[in-house]
Amino acid sequence: MENSSKNSKFMLEATKLAKKGSFSTSPNPNVGCVIVHKDKIISKGYHIKSGCEHAEINALKNFKPKIHRNSKLYVTLEPCSFTGKTGPCVNEIVKSGIKKVIIGTKDPNPKVNGKGISFLKKHGIKVKTGVLEKTCEDLNKGFNKRMIFNLPYVTLKSALSTNNMISSKKSKWISNAKSRKDVQFLRASSCGILTSSDTIINDNPKLNVRLKRKELHINTKVRQPIVFILDTNLKIKKNKYKLFKDSRKKVIFNRKKNANDEKNNIVYRKVKSSKNGMNLKEVLKIMAKEFYINNLLVEAGQKVFTEFLSKNLYDEIIIYKSSTVESKGGIKYINENLLKNNKKINFSLNGVNFFDKDIKISFKKK
């Protein structure tokens, strides 16, 4: 009988490796792999970046001698069985001579979704699945949601004063420097950031990642998330605002035109209107289908925050609660009148962190 505690131990090592790709693998999933012989890890690998070798291939290549057939390969996600930017991992596993593969979770990608497991079994390899399954699934919440529902994983983020205001007359910032640095890690792990024309006009934000490679513990170039803007009537004047001064892609959702401004790397996408603005469900579907967005960070004002809540289009809420108190003339982070008696809103506490006097509170949708 196989030792389940040993399986969990080695899979946990694979999950640690997978997390190293959190800031660079999108739109691919985060995957880690270890190869074990006689209860010792003899090789490791993880997926670093889209277009580069997958975790299993890196682990196989990192072990120079011929791998003993009694070795076991532990991988957090089902090995791929199709040719994309790289070849199928299952072929290389079979060639290696390994006779036992332990998998954390199946790949929900329709191109795989059990086909990798079937291929390995057909070629005489014993396969065990579901080891630390929930932990492995959590590595790729955004990828999994895009594959299954054609939607990104949506995180609503806001910084609030003690009395729940999102604007300050006293300072440019409500939260402190440590909280703002933590937001940088949120941005770095996001494929896209969504904001509104009102937020751009009022705050003139950059909405970029300002961390260095060393701070993110990566060797690849720092990935800047695509900026998505809700601008119903195209009222933004591009030359006036900071975020249009860099070269990364911007996508402007509006109700007037579809167009590509290749010179400025701006895409205009026409979206149907809803009662309170644009149809957010359609916006999210375009993000997933056309721009391959796994994880979306929403950094906007009261109207957008309230609309995501009321339409039940969020997965996580992150609040940075400051110790400051703002005047009564400030703006509340949600329109409470629009959310009264809304039975769709149902979330639970997920975590609490402290950044000096600021408190970061995370909620997950039930």
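The values are calculated or read from the model by the stated rules, or taken from the named source; none is laboratory data. Everything numeric in this text was worked out from a predicted model, so none of it was measured. Quick reminder, even Gly has a Cβ in these numbers, built from the backbone with ideal geometry, and neighbours come from all protein chains shown. In case anyone asks, the SASA skips ligands and DNA or RNA and just uses the protein heavy atoms, side chains included. Shrake-Rupley method; radii C 1.70, N 1.55, O 1.52, S 1.80 Å.
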TODO: Taking a cut-off of 16 Å between Cα atoms, list the aspartates and glutamates near LYS321, but don't count ones fewer than 8 places away on the same chain.
DONE: ASP182, GLU299, ASP356, ASP358
Task: Within the range 181-280: Cβ-based charge dipole about Cα centre, in debye rounded to nearest 20 (Lys, Arg +1; Asp, Glu -1) - done: 240
Open item on the list: What percentages make up the Cα-Cα pair-distance distribution of the range 234-305 when the bins are 5 Å wide from 0?
Closed with: 3, 13, 22, 28, 23, 10, 1
Task: Relative contact order of the chain, defined on C-alpha pairs under 8 angstrom at six or more residues apart (%) - done: 16
TODO: Mind jotting down the distance between the C-alpha centroids of the range 3-29 and the range 105-168, whole Å?
DONE: 12
TODO: Considering Cα pairs under 8 angstrom that are at least six residues apart, work out the relative contact order of the range 206-293 and quote it in whole percent.
DONE: 20
TODO: Please work out whether the range 61-140 counts as rounded, prolate or oblate from its C-alpha gyration tensor, where a ≥ b ≥ c are the square roots of the eigenvalues and a/c under 1.5 means rounded, while otherwise a/b larger than b/c means prolate and anything else oblate?
DONE: prolate
Task: Solvent-accessible heavy-atom area per residue, rounded to whole Å², over the range 145-301 at 1.4 Å - done: 51
Task: Mean ellipticity per residue at 222 nm, deg cm²/dmol - from DSSP H runs of n ≥ 4 across the chain, formula -39500 (n - 2.57) - done: -7500 deg cm²/dmol
Task: Estimated translational D of the range 70-221 in µm²/s (Stokes, Kirkwood radius over Cα pairs; 4 °C; 1.567 mPa s) - done: 68
- [ ] Treating only the Cβ atoms of Lys and Arg (+1) and Asp and Glu (-1) as charged, compute the dipole magnitude of the chain about its Cα centre; round to the nearest 20 debye.
- [x] 480
TODO: Just grab the label-to-label distance for SER4 and ASN239, each label 7 Å out from Cα along the Cβ direction, in nm (one decimal).
DONE: 6.7
- [ ] Note down the net charge around LEU73, summing +1 for each Lys or Arg and -1 for each Asp or Glu among other residues with Cβ under 9 Å from its Cβ.
- [x] +1
Task: Gyration tensor (alpha-carbon) shape descriptor, the range 1-132, a/c threshold 1.5 - done: rounded
Task: Two-decimal log10 I(q)/I(0) for the chain, as the Debye equation yields it once each C-alpha is a single scatterer, q = 0.11, 0.12, 0.14 Å⁻¹ - done: -0.82, -0.94, -1.17
Open item on the list: Rounded to the nearest 20 debye, what is the charge dipole size of the range 105-263 about its Cα centre when +1 sits on each Lys and Arg Cβ and -1 on each Asp and Glu Cβ?
Closed with: 480
Open item on the list: For a quick check: with amide H placed at 1.01 Å from N, whose amide H comes under 5 Å from LEU77's, ignoring anything fewer than 5 positions away on the same chain?
Closed with: GLY32, GLY104, THR105
